[in-house]
1. Would you point out which residue out of ALA112, ALA56 is at pLDDT 90 or above and farther than 15 Å from PHE15 by Cα?
2. Filter segment 1-47 for residues that are surrounded by fewer than 18 Cβ atoms within 10 Å (Cβ to Cβ), hydroxyl-bearing (Ser, Thr, Tyr) and closer than 20 Å to VAL60 by Cα and give the result.
3. For segment 77-99, how many residues meet the condition of being crowded, with 19+ Cβ neighbours inside 10 Å and either free of Cβ contacts under 8 Å to residues at least 60 places away in the same chain or over 15 Å from GLU26 (Cβ atoms) (or both)?
4. Scan segment 10-18 and tell me whether some residue there is under 20 Å from LEU117 (Cα atoms), among the hydrophobic types (A, V, I, L, M, F, W, C) and assigned to a loop (DSSP other than H, G, I, E, B).
Amino acid sequence: MTLDRGVRVAGVVVFTALAAVSAVWEAYLTPLYWHHTRVPLALVAAVVGNAALARATFDVTGRAAVVLLPALAWLVPMFAAAGRTHEADLVLTSDNWVGLATMFAGSLAFGATAYWLIVRSIRRPVP
């Protein structure tokens, strides 16, 4: 019984840390260019990665509410990257459509996946 709880807690900790690391990585991928065109690699990574993190967190814990922990761990670095530092530097600028779309679509991926998991768990009969 304690091993099962330990695995669940460890899974939540690992997936929450992965969400924070992926947010930082995606924030620094937003200004990526190929020749003179922005490459939306951060956008794709945010959508696919956040949906996978939400699903993995649900699979480990069996609770849809716990998906909020990786979502918050992803949102905090993204909002921090959108704000100015003391040196007036920005990672996610307002003229970067990839950065804005990454913030929106990444949040939406967590929300849509959590909603889908909640609806799916309600329809599933209780054993």
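The values are calculated or read from the model by the stated rules, or taken from the named source; none is laboratory data. Quick caveat, the model's predicted, so the values are computed rather than measured. All Cβ positions, even for glycine, are placed from backbone atoms using ideal geometry, and neighbour counts span all protein chains on display.
1. Sole residue among the options that is at pLDDT 90 or above and farther than 15 Å from PHE15 by Cα: ALA112.
2. The answer is THR2, and nothing else.
3. 3
4. No, segment 10-18 contains no residue that is under 20 Å from LEU117 (Cα atoms), among the hydrophobic types (A, V, I, L, M, F, W, C) and assigned to a loop (DSSP other than H, G, I, E, B).
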